[in-house]
Amino acid sequence: MPMPEIDEENRKRPLCYDPEREKFIFFDDIVSGKEKIIPVKTLSESDLKKLVIERWRSLSPKTKVQAISGQPFFRDDVIRAIKQDKPFGKDTLEAEMIALSELLDIIQQNL
C-alpha cells in the first residue's frame with residue numbers, strides 16, 4: 001500500500017503523542033525522519049485522551065459528527081464527551097485509536 005496522501009488540514013492534526021517529552025508528533029515530522037512513530041496502543045488512556053482531544057481541537061468548531069442512531073455532536077461536544085468519559089467519548093477514543101493505528105502502520109511500511 002502506498003504512502004497515504006494527507007491534505008493540509010490533516011497535516012495540522014497530530015498522529016502520535018510522546019508522553020516522555022509531552023510532545024505531539026505530526027505526519028511531516030514522521031516522514032521527514034525528524035520524529036519516530038509512537039504506537040497509539042502503547043499510550044495510557046490519559047495520554048490517548050490528550051492525543052485525541054488535541055486532534056479534535058485542531059478542527060473547526062463547526063465540525064459535526066453523528067452516530068447512526070444518535071444526536072449530532074460538534075467539535076466541543078466531542079471534546080467534552082471524551083473528558084467526561086461519556087459513552088460517545090469512549091467510542092470516539094476507540095475509533096480514533098483504531099484509525100490512527102492503521103494509518104501509522106501504513107506510514108511505517110512506507111518509510
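If you go through the range 40-51 one residue at a time, do you hit one that is surrounded by fewer than 16 Cβ atoms within 10 Å (Cβ to Cβ) and more than 18 Å from I79 (Cα to Cα)?
Residues of the range 40-51 that are surrounded by fewer than 16 Cβ atoms within 10 Å (Cβ to Cβ), as a first pass: 41-42, 44-46.
Now narrow it down to the ones that are more than 18 Å from I79 (Cα to Cα): 41-42.
Yes, the conditions are met somewhere in the range 40-51.
Look at P14 and say whether it is touching a helix residue (DSSP H, G or I) at 6+ places or on another chain (Cβ under 9 Å), in contact (Cβ under 8 Å) with a residue 40 or more places away in the chain and buried (at least 17 other Cβ atoms within 10 Å of the Cβ).
Numbers: touching a helix residue (DSSP H, G or I) at 6+ places or on another chain (Cβ under 9 Å): yes; in contact (Cβ under 8 Å) with a residue 40 or more places away in the chain: yes; buried (at least 17 other Cβ atoms within 10 Å of the Cβ): yes.
Yes; evaluated as a whole, the condition is true for this residue.
Scan the range 52-77 residue by residue and report those that are under 24 Å from P39 (Cα atoms) and at pLDDT 95 or above. Spell out the reasoning first.
As a first pass, look at the range 52-77 and keep what is under 24 Å from P39 (Cα atoms): 52-59.
Within the range 52-77, V52, I53, E54, R55, W56, R57 meet the criteria.
Give the number of residues within the range 63-111 that are among the charged types (D, E, K, R) and in contact (Cβ under 8 Å) with a residue 24 or more places away in the chain. Before the answer, list the steps.
Looking only at the range 63-111, we keep the residues that are among the charged types (D, E, K, R), and these are 64, 75-77, 80, 83, 85-86, 90-91, 94, 96, 102, 105.
Imposing the further condition that a residue be in contact (Cβ under 8 Å) with a residue 24 or more places away in the chain reduces the set to 83, 91, 96.
Of the residues in the range 63-111, 3 are among the charged types (D, E, K, R) and in contact (Cβ under 8 Å) with a residue 24 or more places away in the chain.
Enumerate the helices (runs of 4 or more DSSP H) found wholly within the range 1-109, keeping only those where 2 or more residues are among the hydroxyl-bearing types (S, T, Y).
On the way: elements: 8-11, 27-31, 45-57, 75-83, 87-109.
Output list reads 87-109.
For the range 57-105: of the residues being surrounded by fewer than 17 Cβ atoms within 10 Å (Cβ to Cβ) and in contact with a Pro (Cβ under 6 Å, 6 or more places away or on another chain), which is farthest from F27 (Cα to Cα)?
Filtering the range 57-105 for residues that are surrounded by fewer than 17 Cβ atoms within 10 Å (Cβ to Cβ) and in contact with a Pro (Cβ under 6 Å, 6 or more places away or on another chain), the one farthest from F27 (Cα to Cα) comes out as Q66.
So P4 fits all but one of (1) crowded, with 16+ Cβ neighbours inside 10 Å; (2) in contact with a Leu (Cβ under 7 Å, 6 or more places away or on another chain); what number is the exception?
(1)
The values are calculated or read from the model by the stated rules, or taken from the named source; none is laboratory data. Since the structure is predicted, the reported quantities are computational estimates derived from the model, not experimental observations. Methodologically, a virtual Cβ is constructed for each residue, glycine included, from the backbone with ideal geometry; neighbour enumeration extends over all protein chains shown.
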